[in-house]
Amino acid sequence: MYGIGIDVSQATLDVAVHEQAFRQFSNDKRGFVRLIQWLKQWPITQVVLEASGGYERAALEALHEAGLPMVRINPARARRFAQATGRAAKTDRLDAAVLAQMAQLLPLTRYVPPAPWQRRLAEFAQCRRHLVQMRVSEMQRLRQLTDPVLITIKQRHLAQLSEDLKQLDKAIAEQLAAQPCWKNIGTLKGAGPILVSTLACELPELGTLGSKAIASLVGLAPMNRESGTWQGKRSITGGRAVVREALYMAALTAIRYEPRLRDFYATLKAKGKASKVALVAVMRKMLVILNARKRDAEAALVCT
């Protein structure tokens, strides 16, 4: 059984079979067909490629549909693995070989393709994030203006952005309400449509993994820092930043309005925990609760 690594660029796919072979294919439909035919001659453990700004999506979907065990990883993780194995140089061919070695040696989380409704919801959620960022930038520019005409123009633009956000929020909530496994998850105060839509789009593994695994996947599992008698502060690292950002905003609301999370936060503060540390713990607890609710909702749907 061989691990396969694919280094993705806009035009090409550099493919390595661990310590066996290397070939290059075009990053288009014709290249996908040729690549799938070539890979059929190898007994495969898993096929690993990096997230490459969206250039990997078409290949990832085509190979997954062909029945190949696909894995998409964070580029930083691949680079750290390369450094750990003594590979300082960086070329497309070497990167493919590193990914093939990862596929050969490491058990990695398989790619879960989004359903059609998740793809549509992801477009709405991404558009909303862009509008929020645009509104923040426009508000900052407004504070620097002194001319009344320009101020009026910016205020009108901000009003239109706010109206667009209201329409997007309504559309996102309606799409979630149509999904049996997701519509009741948001009853936890703080877990509104924005958080739930982010989880639905960016964390399809929700409900399929245990509490420790899902926290680690998002990047909310504290990492120990110890050496001999020295003990450093534990910290979180890696994971899915978009999910963490949504959980952070949700946790700010939860510690005010959700009784058990408010009490949990207060208990940690009373023990001397820093505010940010306590808030991250609330984020992790929210994620674990929502993970369990999603698992139970799917189990109930199967039973019915």
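Computed values, structure above
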| item | result |
| --- | --- |
| In region 100-123, the residues that are over 16 Å from the mean Cα position of the chain (by Cα) and of a type outside the set (D, E, K, R) | Ala100, Gln101, Met102, Ala103, Gln104, Leu105, Leu106, Pro107, Pro116, Trp117 |
| Some residue of region 223-246 being at pLDDT 90 or above, part of a helix (DSSP H, G or I), under 27 Å from Gln126 (Cα atoms) and touching a Phe, Trp or Tyr at 6+ places or on another chain (Cβ under 9 Å) | no |
| Test: residue in region 42-50 that is closer than 21 Å to Leu108 by Cα, among the charged types (D, E, K, R) and over 26 Å from the mean Cα position of the chain (by Cα) | no |
| Matching entry among Lys166, Lys154 (being among the charged types (D, E, K, R), under 27 Å from Pro193 (Cα atoms) and either at pLDDT 90 or above or open to solvent by 60 Å² or more (accessible area, probe 1.4 Å) (or both)) | Lys166 |
| Neighbours by Cβ (under 7 Å, 6+ apart or cross-chain): first from region 57-69, among the acidic types (Asp, Glu); second outside any helix (DSSP H, G or I) | Glu61/Pro113 |
| Test: residue in region 60-74 that is out of contact with any Cys (no Cβ under 8 Å at 6 or more places or on another chain) and closer than 14 Å to Ser9 by Cα | yes |
| Among residues of region 1-30, those that are free of Cβ contacts under 8 Å to residues at least 40 places away in the same chain and crowded, with 19+ Cβ neighbours inside 10 Å, counted | 2 |
| Looking only at region 241-290, and only at residues there that are small (Gly, Ala, Ser) and open to solvent by 30 Å² or more (accessible area, probe 1.4 Å), the one that is nearest to Ser216 (Cα to Cα) | Ala241 |
| Any hit, region 92-103, residues being open to solvent by 50 Å² or more (accessible area, probe 1.4 Å), under 26 Å from Ala254 (Cβ atoms) and part of a helix (DSSP H, G or I) | no |
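The values are calculated or read from the model by the stated rules, or taken from the named source; none is laboratory data. Since we're looking at a predicted model, the values are computed, not measured. As a convention, Cβ positions derive from the backbone with ideal geometry for all residues, glycine included, and neighbour counts pool all protein chains shown. In case anyone asks, the SASA skips ligands and DNA or RNA and just uses the protein heavy atoms, side chains included. Shrake-Rupley method; radii C 1.70, N 1.55, O 1.52, S 1.80 Å.
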